[in-house]
Structure formats: C-alpha cells, structure tokens
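Okay, structure first, notes after.
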Amino acid sequence: MSLQNEDRFRLSEKALAQGYRLSVHAQLGSTNDEALACARAGDAGNLWVVAKVQTLGRGRQGRLWSSPPGNLYASLLLLDPAASPRAPELGFVVGVAVAHALRPLVANDPRLRIKWPNDIVFDGAKLAGILLESVRLNDGRLACVSGIGVNCASSPRDLPYRTAALSDIVSMPVTPADVLSGLSAELTLWLEVWSSGAGFAKIRSEWLSLAGGIGTPVRVATPTRTLEGVFRTIDETGRLLLESQEGMVAIEAGDVFFAERPQGTRAGLSD
C-alpha cells in the first residue's frame with residue numbers, strides 16, 4: 001500500500017476529471033458549516049472541504065463528534081444533486097462510497113459493514129459517521145452537504161457504544177489524506193451510478209450487500225419510541241423494515257442497536 005504524506009491532501013484523478021475541487025484548512029469549527037457558508041457565498045458546488053481539526057464537529061441529531069488531529073473530517077458540497085424528495089437518498093450513496101473506500105484499507109475484511117442508515121462499523125464498532133445537511137439558497141437552488149468523519153488514528157472511548165479506528169485494525173498507518181483520495185474516487189463513481197435518483201435501485205442493492213445486522217434482532221430508537229424486532233431489509237425509499245410484534249414496521253429515522261456481543265471481544269483483526 002503506497003501511503004501519501006499526511007499533509008498532502010489530494011483528490012483522485014477521477015474526481016479531478018469530473019470537476020471536483022478541494023479546500024483544506026488547518027482548523028475549522030465544522031466542515032459542514034464551512035461548506036454551507038461557501039454555498040451561501042455563491043460557490044458552484046462539487047467542493048470538498050477538509051479540516052485537520054474541528055472544534056465544533058457534530059453528528060446526527062446535534063451530537064458532538066470528537067475531532068482530534070489524525071482523523072478525516074471532510075464535507076462534500078453539491079448543488080441541486082437531485083429533486084428535493086430524492087435528496088435524502090444521498091445518505092445511502094455516501095454510505096456505499098465510504099464502505100468501498102475503506103474496505104481495501106482493511107484487506108476487504110467482511111466485518112466492515114454499513115449500519116443503517118449510514119454509519120460504517122467494523123465488527124460492530126463505529127469506524128466512520130456521515131451527516132447530511134441541506135439548505136435552500138436565495139436563488140432557489142438546494143445546497144446539500146455530506147459530512148464524513150473517519151477514525152484513522154484514534155476513536156473516542158467515552159461513548160455508550162463501541163468505536164474503532166483504522167489504527168486498531170491494520171498494522172500500517174493510514175492517514176486522512178490516504179482515505180480522502182480513495183473516498184473522492186468512490187463517491188464520484190457512486191454519484192454517477194445514483195444519477196440524481198434514477199439509479200437508486202442499484203444503490204439500494206449495493207447498500208444491502210454491505211449492510212450489517214440484516215436478519216438479526218435489533219433495537220431501533222426512533223424520535224418517539226423504541227422498537228425491537230428483526231431487521232429484514234430496507235424498502236425502495238431506504239426505510240428500515242423491522243419485523244416486530246406489531247408486524248412489519250417501516251422506520252424512516254432512528255438509531256439501530258445490534259444485539260450485544262459477548263464480553264471479552266473487541267473490534268480488531270484478532271482477539
């Protein structure tokens with residue numbers, strides 16, 4: 001594996017050929033906030049924003065996203081990527097792209113999976129997170145930002161769920177620059193497959209092939225209640241289909257919790 005210098009962030013040749021651009025910062029409050037600010041200031045989109053450190057990083061539902069040096073913090077700004085009803089599908093597109101970018105780095109270990117809707121886990125421990133945000137600009141265009149955080153050198157340990165970093169999994173150092181290069185290539189590819197929603201069936205199929213927990217008992221905490229059952233699949237719009245005591249329930253948003261792993265196991269390549 002040929003690794004780049006940590007400070008040399010570069011987009012892939014495929015991304016550059018498609019007109020994607022890169023803005024790298026030593027420190028930002030949030031790469032998502034910076035990308036949205038660029039959109040409001042008139043940026044043309046197809047812009048990657050990367051920070052070596054975030055001071056106000058966040059995850060879904062406003063949760064704090066720990067952002068020390070050594071991990072990847074990147075956001076991709078797209079303008080009018082699809083009609084508004086289809087824009088949420090971007091989460092599945094990005095999830096597939098991140099999974100494909102990370103799999104070669106962990107020797108294609110099958111324990112790397114997507115957890116609905118778009119977390120990336122290794123052996124059940126969170127390795128990467130994705131946050132989608134959008135705003136309607138004054139000129140009517142829809143600015144969509146896909147924020148991506150990947151634990152390269154470290155991961156937080158004071159959370160109610162298990163986490164992992166690439167440094168826990170592989171013996172060779174993997175820098176944020178290494179991850180960004182592959183990620184920019186994969187996201188360029190899968191955005192083309194998605195084709196503003198026309199190809200979502202292909203995205204759904206690929207997502208399902210990479211998903212964790214299908215066919216197993218899970219607990220899903222929604223904004224209004226918590227449900228338990230068996231995770232069967234996702235439907236044509238990306239909703240999780242849970243077979244519960246109430247029957248088949250379609251869930252649009254929530255946090256999925258897999259069955260507890262036995263004590264004494266961890267998320268490395270060997271126990």
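The values are calculated or read from the model by the stated rules, or taken from the named source; none is laboratory data. Owing to the predicted nature of the structure, the values given are computational and were not obtained by experimental measurement. Cβ: placed from backbone, ideal geometry, glycine included. Neighbour counts: every protein chain shown.
Listing for the model above:
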read-out: Any hit, the stretch 123-136, residues being touching a residue at least 24 places away in the same chain (Cβ under 8 Å), more than 14 Å from GLY45 (Cα to Cα), of a type in the set (D, E, K, R) and out of contact with any helix residue (DSSP H, G or I) (no Cβ under 6 Å at 6 or more places or on another chain); value: yes
read-out: Residues located in the stretch 3-37, provided they are at pLDDT 95 or above and basic (Lys, Arg); value: ARG10, LYS14, ARG21
read-out: Selected residue (criterion: modelled with the highest pLDDT) from residues of the stretch 249-271 that are loosely packed, with under 14 Cβ neighbours inside 10 Å and touching a Lys or Arg at 6+ places or on another chain (Cβ under 7 Å); value: ALA250
read-out: Any hit, the stretch 89-102, residues being touching a helix residue (DSSP H, G or I) at 6+ places or on another chain (Cβ under 7 Å) and in a strand (DSSP E or B); value: no
read-out: Check on TRP48, assigned by TED's automatic domain parsing to the domain that holds ALA128, closer than 16 Å to GLY129 by Cα and either at pLDDT below 95 or in contact with a strand residue (DSSP E or B) (Cβ under 9 Å, 6 or more places away or on another chain) (or both); value: no
read-out: Members of the stretch 227-236 that are without any contact (Cβ under 8 Å) to a residue 24 or more places away in the chain and either part of a loop (DSSP other than H, G, I, E, B) or small (Gly, Ala, Ser) (or both); value: GLY229, ASP235
read-out: Scan of the stretch 76-88 for residues that are surrounded by fewer than 19 Cβ atoms within 10 Å (Cβ to Cβ) and in a loop (DSSP other than H, G, I, E, B), ordered by number; value: ASP80, ALA83
read-out: Single match in LEU208, LEU187, LEU166 (criterion: without any contact (Cβ under 8 Å) to a residue 40 or more places away in the chain and within 16 Å of the chain's Cα centre (by Cα)); value: LEU208
read-out: Complete set of residues in the stretch 111-144 that are assigned to a loop (DSSP other than H, G, I, E, B) and within 10 Å of the chain's Cα centre (by Cα); value: PRO117, ASN118
read-out: Conditions (1) under 29 Å from LYS202 (Cα atoms); (2) surrounded by 20 or more Cβ atoms within 10 Å (Cβ to Cβ); (3) of a type outside the set (Asp, Glu); number of the one not met by VAL135; value: (2)
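Condition check ((1) surrounded by fewer than 18 Cβ atoms within 10 Å (Cβ to Cβ); (2) farther than 19 Å from GLY213 by Cβ) across all residues:
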| residue | (1), (2) |
| --- | --- |
| ILE120 | no, no |
| ASP139 | yes, yes |
| LEU142 | yes, yes |
| VAL174 | no, yes |
| VAL193 | yes, yes |
| LYS202 | yes, yes |
